[in-house]
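Q: So that we are looking at the same thing, I have put the structure below in structure tokens.
Computed from the coordinates by the stated procedures, all read-outs in this text should not be read as laboratory data. Note that this is a predicted model, so its numbers are computed, not measured. Here Cβ is always computed from backbone atoms with ideal geometry, including for glycine, and neighbour counts include all displayed protein chains.
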Amino acid sequence: MLSFWEKNSFLKYDVIIIGSGILGLSTACEIKENHPDKSILILERGIFPTGASTKNAGFACFGSLTEILADFKTKGEQKTLELIEKRIKGIEALRKRLGDERIGYINNGGYELIDKNNLDQLHFRGGVNLMLKDIVGEDVFEVRDDLISQFGFNSNRVKSLVYSKYESQIDTGLMMSNLILYAQEMGIRIINGSEVKDFHIKNNKVEVSLLHTVLKENVVFECEKLVLCCNAFTDKLFKDIKVSPGRGQVLATKPLKNLKFKGVFHYDEGFYYFRDYENRVIFGGGRNRDFKKETSHEFDYNFEILDDLREKLEHVILPSEEFEIDYYWTGIMGFTETKEPEIRDIENKVIGAISCNGMGIALSSYLAKEITNKYFS
Ligand SMILES: Cc1cc2nc3c(=O)[nH]c(=O)nc-3n(C[C@H](O)[C@H](O)[C@H](O)COP(=O)(O)OP(=O)(O)OC[C@H]3O[C@@H](n4cnc5c(N)ncnc54)[C@H](O)[C@@H]3O)c2cc1C
């Protein structure tokens, strides 16, 4: 049974946030920065964040050329450009909040590998540059085919290379652990190992219930406002919000003796992505090879996709290098039906802040501002 002291000091808050991924943490920080007097609790089911935020490859990007062209088809030009602007502002806000050193921010630019099937996409480069000029002020995408052999890529498979100086990389682990520290230093309480099972509104307050794993009894927290930042796992808690999980496989090679490239790299509309990290290659993607199987909440491996990643390392990215795969893992992204973030009020007390659609590193700090301005002014 909870003690008198626990009931007095641990259960009541102004704001409770469910999920300590980058969106939950950024939202908590943004609210606290603007309203230092508010008491904020984050409830996280994992011993540390356990969704996408500690599992990605650490790209600080707003979209490659073919990814933007694909988004034009599904979202339309206006919506795509609005989203790009939000991603740019989000990265700026993350850098401002923690500083480049604490997120391991490095700007070595980004590149997209174009194979023979996508060569025709290059015709749209000028038009996309023109549209992006309104947002960034100058041309973004530049063709740098001269670098294909310098980087050691297989020129039979890589027919063109599109460069953007606006793409950068971060150290995902460093960023997330410093974001947690930053939040805690401001007085935001984070309780891990707390999987929320239910919430409801009672007497104009929100009650949030979970099982105390040691005492094996139900614990009920209470707050004025609840924010759901559970990403792919949201509809397990609240069925009205439709989010589809998308699993991403990532691997890291052992350090290479002679890694010839630095920067972040995209391939095939952003479905594949790789980067350098301390002479290793971190490489992920391939979800488009098996969408059905990868629409999963389980952190399992898909060995067919891992084999495909290995094949691309061997034959496209590192054709003349000896390499060994050191480690691999998976992360779960969340996708809404419109592929746009969904921030939505549920009964004026509960805010659903859902799904950065595989772009949360870039978007979260911006969305945190939107949530704070809209619901905590
Ligand atoms: C492989 C991979 C590559 C990616 N590449 C990029 C990229 O290049 N650029 C980019 O910007 N983004 C990228 N992303 C996406 C980015 O990581 C996500 O968009 C972002 O991390 C989402 O943050 P979030 O806080 O919304 O969700 P998550 O990080 O998923 O956090 C949700 C949290 O909620 C917790 N939770 C869920 N249910 C409950 C519950 N009932 N009770 C308590 N806690 C709960 C989970 O444990 C989790 O910690 C990538 C992601 C992956 C997996």
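Q: Take the alpha carbon atoms of region 296-345, find their center, do the same for region 25-68, and report the distance between the two centers in whole angstrom.
A: Cα centres, region 296-345 to region 25-68: 20 Å.
Q: Let me ask something else. Sort largest first and round to whole Å: the equivalent ellipsoid semi-axes of region 19-63, each the square root of five times a Cα gyration tensor eigenvalue.
A: Equivalent ellipsoid of region 19-63: 23, 16, 5 Å, largest first.
Q: Related question: Rank the residues Lys257, Lys205 as a footprinting-exposure proxy: fewest other Cβ atoms within 10 Å of their Cβ go first.
A: Lys257, Lys205
Q: How big is region 232-326 along each principal axis, measuring the range of its Cα positions in Å and listing the largest first?
A: 51, 24, 23
Q: Leaving out same-chain residues fewer than 8 places away, which lysines sit with a Cα under 22 Å from that of Lys159?
A: In chain and number order, the partners are Lys116, Lys260, Lys262, Lys312.
Q: Still on this structure: For the residue pair Asn348 and Lys75, what label-to-label distance in nm results when each label sits 7 Å from Cα along the Cα-to-beta-carbon direction?
A: Computed distance between label sites Asn348 and Lys75 equals 3.2 nm.
Q: If you average the sequence gap of Cα pairs under 8 Å that are 6 or more apart and divide by the length of the chain, what percent do you get for the contact order?
A: Computed value for the chain: 25 percent relative contact order.
Q: Could you list Cys356, Cys29 so that the one with the fewest beta carbons within 10 Å of its beta carbon is first and the one with the most is last?
A: Ranked by crowding around the Cβ, least crowded first: Cys29, Cys356.
Q: Give me the number: length gained by fully extending Asp240 to Glu224, i.e. 0.36 nm times residue separation minus the C-alpha to C-alpha distance, one decimal in nm.
A: Fully extending the segment from Asp240 to Glu224 adds 3.6 nm.
Q: Further question on the same structure: Taking neighbour Cβ counts within 10 Å as the exposure measure, how do Trp5, Trp329 sort from fewest upward? Before the final figure, lay out each step's value.
A: Working: Trp5 8, Trp329 14.
The most exposed by this proxy come first: Trp5, Trp329.
Q: Antiparallel DSSP bridges in the chain: what percent, to the nearest 5?
A: The answer is about 75 percent antiparallel.
Q: With +1 assigned to the C-beta of every Lys and Arg and -1 to the C-beta of every Asp and Glu, and no other charges, what is the dipole magnitude of region 141-185 about the Cα centre in debye, to the nearest 20?
A: My answer is approximately 240 debye.
Q: Which aspartates and glutamates have a Cα less than 20 Å from the Cα of Lys216, not counting those fewer than 8 places away in the same chain?
A: Straight-line reach from Lys216, under 20 Å: Glu6, Glu44, Glu195, Asp198, Glu207.
Q: Then there's this: If the viscosity is 1.306 mPa s and the temperature 10 °C, what translational diffusion coefficient in µm²/s does Stokes-Einstein give for the chain when Rh comes from Kirkwood over Cα pairs?
A: 73 µm²/s
Q: Say R0 is 22 Å: what FRET efficiency, to the nearest 0.05, do Met1 and Asn192 get from their beta-carbon distance?
A: 0.50
Q: Identify the GluC sites (Glu not before Pro) of region 271-354 meeting these criteria: DSSP loop state and at most 13 other C-beta atoms within 10 Å of the C-beta.
A: Numbers: sites: Glu278, Glu294, Glu298, Glu304, Glu311, Glu314, Glu321, Glu322, Glu324, Glu337, Glu342, Glu347; in loops: Glu278, Glu298, Glu321, Glu322, Glu324, Glu337, Glu347.
Sparse-neighbourhood loop GluC sites (Glu not before Pro): Glu278, Glu298, Glu322, Glu324, Glu337, Glu347.
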